[in-house]
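Beneath this line is the structure, given in structure tokens, with notes to follow.
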2 protein chains.
Amino acid sequence: MRLAELSERSGVSTATIKYYLREKLLPPGRRVSATQAEYDEAHLRRLRLVRAMIQVGRIPVARAREVLAAVDDDSLDHHVRMGAAVWSLPHHPDAAAPADPDDPVTEAARAEAAALVAKVGWTFAGEQGDQSPAYRMLVGALTELARLGYPWDVAHLTPYARLAERLAVADLDMVQAYGSAEEQVEAAVALTVLYEPVLLSLRRLADAEESNRRVGGGS
Amino acid sequence: MRLAELSERSGVSTATIKYYLREKLLPPGRRVSATQAEYDEAHLRRLRLVRAMIQVGRIPVARAREVLAAVDDDSLDHHVRMGAAVWSLPHHPDAAAPADPDDPVTEAARAEAAALVAKVGWTFAGEQGDQSPAYRMLVGALTELARLGYPWDVAHLTPYARLAERLAVADLDMVQAYGSAEEQVEAAVALTVLYEPVLLSLRRLADAEESNRRVGGGS
């Protein structure tokens, strides 16, 4: 397909597509004339993924390029590659306070995160630890909870980790419904990003619902 | 306690506390001299809540003031008030695309959100609909999924809504461990905000873990 059709099918403007091409977030099309190139379904899929990361996930271009390198690293086993690509996703810069390694509260939060991961048996997370953006995001969030005096211990966190495991099963089932290995890796990254606001909004709706449900049922 | 102690116990600088006082996010202390005021435990709790909303939740000051008005509205039944306060929490401005009411994709997303809420039996959300920031966030997220060609239908969303219900039970159990009604309402709002990065980071870790667990189990 030509650029105009790629734009129409993706809902992304031609100017934005050209920007992604310049930034090498999207591989070049097959040149068919001095001024025109031809794009295929793989371009469309990649474009959707880039859009999800940049537009919804607000991931900086340089970091998005790193995630795509993990997505394209076919030296890895398929599932390892999928895990590594999701693993390499930076978190939203605002989502957690920056960790100060010398701060005792951060140190305590790091120990609690390690204890949680050990307790629920997440061996991959346990091995990689602080090298993962997701792990650093967890440490940052626990630091903030500890600093403000809210619950942040393993006992409180374990039910959330167990529910996250169930979310992961739903996530991976959705991803594995995609046909090829390439599509699955791309979908894993895009759906991780795109389902975050879905999850947060559903939790808030469910919180309000549960609160109303408890009316009259004790305190 | 004096301002200096309030600052020390909350980890919030005196300059920031004075700013919150000026912005009426924090009620004034009891004046004990021309230059000094006395603060109590209620000030400390409120300060922590404000800090959670502004610092972690990145909620604009004017919106935070609206949430506090809901928190303080004691004309409402306790649980209704708690639901209303969480319900009034604005979502992160970046978390979802702004909804365009005339856009057919947004319209379809709105219908799907309504179908989901009806299917899982969330009557409070069903009655309030689009008036809630959380509901608008859901519609925005579904619009983005639909636009980019990823799953966004009730069948795919239902497992996430069911898991959100379980999250809400964990959330409300944590909130109800607080002693007084005032503390519970404040904790409900603060923990909604502060546990969002916890939840997102745990989901990403669990996704990577689950992906690695499926290695060798057929793609």
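Numerical summary
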quantity	calculated
Helices (runs of 4 or more DSSP H) completely within segment B:94-211 that count 1 or more residues being closer than 30 Å to A:Trp87 by Cβ and either open to solvent by 10 Å² or more (accessible area, probe 1.4 Å) or more than 7 Å from chain A (Cβ to nearest Cβ) (or both)	B:104-120, B:133-148, B:154-176
Residue within segment A:149-157 that is under 21 Å from the mean Cα position of the chain (by Cα), free of Cβ contacts under 8 Å to residues at least 60 places away in the same chain and at negative phi present	yes
Filtered residues of segment A:1-37 (kept if β-branched (Val, Ile, Thr) and farther than 19 Å from A:Ala52 by Cα)	A:Val32, A:Thr35
Answer residue from segment B:1-52, given it is among the β-branched types (Val, Ile, Thr) and closer than 28 Å to B:Pro90 by Cα and is most open to solvent (accessible area, probe 1.4 Å) among those	B:Thr14
Checklist (1) crowded, with 19+ Cβ neighbours inside 10 Å; (2) within 7 Å of chain B (Cβ to nearest Cβ); (3) modelled with pLDDT under 90; (4) assigned to a helix (DSSP H, G or I) applied to A:Val80, failing item	(1)
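The values are calculated or read from the model by the stated rules, or taken from the named source; none is laboratory data. In this text, all values refer to a predicted model and were calculated from it rather than measured experimentally. Here the Cβ is made from the backbone with ideal geometry for all residues, glycine too, and neighbour counts use every protein chain on show. Accessible surface is based on the protein model in full, side chains and every heavy atom, while ligands, DNA and RNA are left aside. Shrake-Rupley method; radii C 1.70, N 1.55, O 1.52, S 1.80 Å.
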